[in-house]
Amino acid sequence: MSATFFEVTARLRDSHGRKLIRFAAVSAFNVLAGQAMLYGAQVLLGWPAVQANVVSVCLGAVPAYLLSRYWVWEKRGRNRVLGELVPFWTLALVGFVASTTAVWYVDTHWAASPVVVNLANLTAFGMVWLVKFFVLDHFLFGPERAPAV
C-alpha cells in the first residue's frame, strides 16, 4: 500500500523537520546578509553587478559552512576533507556559478537595476536550496551510516 501525501510529509517533518528549520534559518541569515552585501556593493560602493555578486557570495560562503556544520547538523571535531569540505564547497561553487551567470545575464541583457540583480541572485540560489539541503543531509552531515557487513 502506498503512503498518502500526508503520511510522507509527516515522516519528512519528523525525520528532517528540525534540521530543515535550522537550515532554513541559516539560509535566511545568509540570504539577508548576502543580499545586503550585494545591494550595498552596487549602490554604496558603485561596483559592477558581477563583481558585487562574486564578493558577496564568497564572503557569505564561510559562515554558511560553519553555521551548517555546527548548528544545523551539530557536527563537532575535525572537518573531513573528502566527506564534508569538498562536497560542501562544490555545492557552494554551483550556487556561485548559477548566481553569477544569472547576475551577468540580467545586467548585460537588461541593463538591470540593483533590485533586479538581487532578484536574479536570489532566484539562482533558490533553485539549488532544497537540493543542497538533501545532499548535505544525506551525504555529508547526516547521521553516521553503519558500515556494511
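Numbers at a glance
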{"quantity": "Amide H contacts of residue 113 (H built 1.01 Å from N, under 5 Å, at least 5 apart or other chain)", "calculated": "none"}
{"quantity": "Orientation-averaged projected area, Cα convex hull of the range 12-68 (nm²)", "calculated": "4.1 nm²"}
{"quantity": "Gain in span if fully extended, residue 18 to residue 44, counting 0.36 nm per residue against the direct Cα distance", "calculated": "5.6 nm"}
{"quantity": "Cut-off under 5 Å, modelled amide H: who pairs with residue 47 long-range", "calculated": "42"}
{"quantity": "Simple spin-label estimate for residue 97 and residue 36 in nanometres, 7 Å along Cα-Cβ", "calculated": "3.1 nm"}
{"quantity": "Förster-model FRET efficiency, 22 Å R0, residue 62 and residue 111, C-beta, rounded to 0.05", "calculated": "0.10"}
{"quantity": "Estimated FRET transfer efficiency when R0 is 22 angstrom, pair residue 51-residue 71 (beta carbons, to 0.05)", "calculated": "0.10"}
{"quantity": "Solution diffusion estimate, µm²/s, Stokes-Einstein, the range 1-132, Kirkwood Rh from C-alpha pairs, 25 °C, viscosity 0.890 mPa s", "calculated": "152 µm²/s"}
{"quantity": "Heavy-atom surface of the range 66-134, accessible at 1.4 Å and reported per residue (Å²)", "calculated": "59 Å²"}
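The values are calculated or read from the model by the stated rules, or taken from the named source; none is laboratory data. All values reported here derive from a predicted model rather than from experimental measurement. As a convention, Cβ positions derive from the backbone with ideal geometry for all residues, glycine included, and neighbour counts pool all protein chains shown. The protein model used for the area step is the full one, side chains on, heavy atoms only, and it has no ligands, DNA or RNA in it. Shrake-Rupley method; radii C 1.70, N 1.55, O 1.52, S 1.80 Å.
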